[in-house]
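A short worksheet on the structure shown next.
The values are calculated or read from the model by the stated rules, or taken from the named source; none is laboratory data. Bear in mind the structure is a predicted one, so any value in this text is a computation, not a measurement. Using ideal geometry, Cβ is built from the backbone for each residue, glycine included, and neighbour counts are taken over all protein chains shown.
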Amino acid sequence: MEWLTENSRAISAVTSICTLFVWIFYAQILYRNFARTRRPRIIINRGQGDDLTALCLISNMSSEPIFLEHIIATLHTSQGMYTQDMIDYEAEHQQDEGQQSDGEDGQRSSRYRSSQGPMLSGSFSHIDTFQQILRRLCRTHEIALKGDAPTGELSFQFLDIRVVAIYGSEDHPVGAARRFKLQTMDDGRHTLAPVSLDTKRYANRLQRWRVRQWIRQLDR
């Protein structure tokens, strides 16, 4: 007791420092939990198969809604890269028999569609199949196809899907990206497999600058 009395000031100072460290530790845990719930989370995946007929799915797993601005597809080939914004497109559909049209019944026609707009938390949508995305890219950049394979010496390597969105009330866009490897099987079937296990997120200051570069490249 005499020792405690003699060193009471030192003990009090050490106790205060330890208490401060404990509060800092708990404050850091609370901040990390808050920051995690505030971070945007956009997932890009394939659905209904592993070949080109699979759907390209965009999911919003953020705690708040997002507004989709751009969905950018980039095709990597042996002769360079080809990019196109897929947010607005014309989707082909088969008319039912007996439906009135300008041509014969059962013919293929196109319908204008847009994926631009708000997406609620926990919701998802798709931008057609990877096959249609690939064909629209090739049609825009005049790449000849035989089925789903390019003609000549050109070969497909990867397909990048990048999403540009506005998260909640924030002013600057956030992004997400995922790369898929295009493969041709021995039976002639074309498959695609994600290169990474998860979608890459672009949410910090440097990454958002890169997202703005994506948008500038589309405007060129």
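Just wondering, is there one or more residues in region 189-199 that are under 23 Å from TYR82 (Cα atoms) and of a type in the set (Gly, Ala, Ser)? Looking through region 189-199, at least one residue is under 23 Å from TYR82 (Cα atoms) and of a type in the set (Gly, Ala, Ser).
Let's see how each residue does on (1) under 22 Å from the mean Cα position of the chain (by Cα); (2) assigned to a helix (DSSP H, G or I); (3) at pLDDT 85 or above; (4) not assigned by TED's automatic domain parsing to the domain that holds SER169:
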residue	(1), (2), (3), (4)
ILE24	no, yes, yes, yes
ASN33	no, yes, no, yes
ARG46	yes, no, yes, no
ASP96	no, no, no, no
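The residues of region 120-149 that are of a type in the set (A, V, I, L, M, F, W, C), farther than 15 Å from LEU192 by Cβ and assigned to a strand (DSSP E or B), listed by number, are PHE124, LEU145.
Scanning region 176-220 for residues that are farther than 15 Å from THR74 by Cα, surrounded by 10 or more Cβ atoms within 10 Å (Cβ to Cβ) and small (Gly, Ala, Ser) turns up ALA193, SER196, ALA203. Kindly establish whether GLN84 is surrounded by 13 or more Cβ atoms within 10 Å (Cβ to Cβ), in the same structural domain as GLN183 (by TED's automatic domain parsing), modelled with pLDDT of 65 or more and assigned to a helix (DSSP H, G or I). Taking the combined requirement at face value, the residue does not satisfy it.
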